[in-house]
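The structure appears below as structure tokens.
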């Protein structure tokens, strides 16, 4: 064990001696190299100890059982109570959380919604989509352009943004119908980038890198949230003093509603034949063909519905920020949402919510250590993949049950047909 | 007897490799027809070509009086063909119940549950395993599930690709017995592709021998079974 750890430390020494061990400084007589033996020693020691701990931890349980059944069963039992608790906590958040909490909550919920949307494509249908941010962008720009150009309201534009994103989902879907795995990932990645580059360069329509500003805020049945004191503002209508928190609470509930809608729809879809066909497609495409399932339509609906929720989230993002630019829709966003889905456990609704909470909420918490955020994030991902390689909530519950299952089984056993 | 499925001069290619070299084959209504041949003879390709994947390059495939040669796979399957594909290909992470429902995709739930009862009468074992994941079943149970899933579309022609593959002789007997039973009671037409020539020829009314992508022999099962060249090529040590 010690030898193994020593070997790891040696590898670390070799790797980091040039990266950390020396520093180039500008002296009076040009560049000089100074050694940083202390820092190097610290890193090597950390690797040595870390490897020892990892080996010791691994030795404590038999190899080849990365996620014991007991843990899964326990998690699914806890899961039954965790989800309602989370829901109540989410609904009540504005009562106990301040402005900062609300803001973080809105951000986390946006990612939960994106995660649930992408989970339809990646988790259920098994189509690895690295360009999901494209639909987020389509939704955001649809709302921004329609509202600033035609002065359409948020609630009118929301469905339009969703439909437009769904159409783009189908447009992306067609060329990638025959692709699987790595190839699909590359093409979707390219698609995400194409959308961003087009937004960046089509200056006459999208404003290019300057983005779109002054995007209208959403209204509650025509009531606005601003300090003007007009009759059609929320504060005046209800005889309240205006406070900016009102708008945040409203936005919070809008995104909570949208996220819950996404969840509800995907849960419903999973129980429908279409949802089952998506899962079957993920398991075995050839078998699906042999069963007479129209693979084309099935894939395209998965892309379209996933994209639609991305579009909804995008429209919300635009109205929350009141300003959008192509910068918000880079590959890092796609990667983040995909990481949430994978970490959460493919196709698990609760897992996605937990992963979004940990990753987005967590990185908000570490805002003070800005330099180390990505480091902590990376370590977190690696640890997760070692401890629970199939995601936080990995079990899959069948989408259909028969209540009298037990009776039938007992009946058959009694007849000795087992 | 009238033909349910008729292949005339069917060829199929994988890229530049010709897998089928003009196959003529007839399956009459109510018959069990078997197609035997060694590894790589093109048996599975023929099965897949009937289903339109890969598409036949030349020749014609007529099902129930209709030319289905150029139809997309899902359209062909919708016309009353069902396939239990090579290697079973059940959905491992889905429950037995869900697997069976996938076979009835696009059909009313009431009919589906009716058909499921029939599948359970045929394979009571599946009923016990209903809530279990497909991947946790034994090989024989998976084969039953694959056949059951194919039956869930209430087919008129059942295509079975090597149902005996990798199964214990006793299980093979059980499954072949079920096929015979199905054919006898419901008049279901079956095209059975097999390497297990002895069992297949005993079960089938008629048989075809496929060698290098072409039919070399055809005739009633018992007759083929008696031929010395068949005994030499496919049956030595196979009992």
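The values are calculated or read from the model by the stated rules, or taken from the named source; none is laboratory data. Everything numeric here is computed off the predicted structure, so don't read it as measured data. For neighbour counting, all protein chains shown are included, and Cβ atoms are generated from backbone atoms with ideal geometry for every residue, glycine included.
Take the conditions farther than 19 Å from residue A:290 by Cβ and either in contact with a strand residue (DSSP E or B) (Cβ under 8 Å, 6 or more places away or on another chain) or not assigned by TED's automatic domain parsing to the domain that holds residue B:47 (or both) and apply them to residue B:98. Does it pass?
Details: farther than 19 Å from residue A:290 by Cβ: no; either in contact with a strand residue (DSSP E or B) (Cβ under 8 Å, 6 or more places away or on another chain) or not assigned by TED's automatic domain parsing to the domain that holds residue B:47 (or both): yes.
In short, no.
Among the residues of the range A:276-292, is any within 30 Å of residue B:48 (Cβ to Cβ) and surrounded by fewer than 18 Cβ atoms within 10 Å (Cβ to Cβ)? Yes, the range A:276-292 has at least one match.
For (1) surrounded by 13 or more Cβ atoms within 10 Å (Cβ to Cβ); (2) at pLDDT below 85; (3) within 17 Å of residue A:387 (Cβ to Cβ), each residue gets a yes or a no:
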{"position": "A:2", "(1), (2), (3)": "no, yes, no"}
{"position": "A:7", "(1), (2), (3)": "no, no, no"}
{"position": "A:20", "(1), (2), (3)": "yes, yes, no"}
{"position": "A:38", "(1), (2), (3)": "no, yes, no"}
{"position": "A:52", "(1), (2), (3)": "yes, no, no"}
{"position": "A:72", "(1), (2), (3)": "yes, yes, yes"}
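If the condition is being within 7 Å of another protein chain (Cβ to nearest Cβ) and buried (at least 19 other Cβ atoms within 10 Å of the Cβ), then the range B:72-89 contributes B:73, B:74, B:77, B:83, B:85, B:89.
Here are B:106, B:52: which of them is touching a helix residue (DSSP H, G or I) at 6+ places or on another chain (Cβ under 8 Å), within 14 Å of another protein chain (Cβ to nearest Cβ) and at pLDDT below 90? Don't jump to the end; show me each part of the working.
Numbers: B:52 fails: at pLDDT below 90.
Within the list B:106, B:52, the selection yields B:106.
Taken together, the residues in the range A:301-330 that are surrounded by 24 or more Cβ atoms within 10 Å (Cβ to Cβ) and outside any helix (DSSP H, G or I) amount to 1. The test for being in the same structural domain as residue A:353 (by TED's automatic domain parsing), surrounded by 24 or more Cβ atoms within 10 Å (Cβ to Cβ) and at pLDDT below 95 holds for residue A:337. In the range A:384-394, is there at least one residue being within 14 Å of the chain's Cα centre (by Cα) and at positive phi? Yes, the range A:384-394 contains at least one residue that is within 14 Å of the chain's Cα centre (by Cα) and at positive phi.
Looking at B:201, B:137, B:145 in this structure, which one is crowded, with 22+ Cβ neighbours inside 10 Å and free of Cβ contacts under 8 Å to residues at least 60 places away in the same chain?
Details: B:201 fails: free of Cβ contacts under 8 Å to residues at least 60 places away in the same chain; B:137 fails: crowded, with 22+ Cβ neighbours inside 10 Å.
Answer to the check: B:145.
Each residue in the range A:249-280 was checked for being more than 7 Å from every other protein chain (Cβ to nearest Cβ) and over 22 Å from the mean Cα position of the chain (by Cα), and 5 pass. Yes or no: residue B:128 farther than 14 Å from residue B:84 by Cβ and free of Cβ contacts under 8 Å to residues at least 24 places away in the same chain? Yes; evaluated as a whole, the condition is true for this residue.
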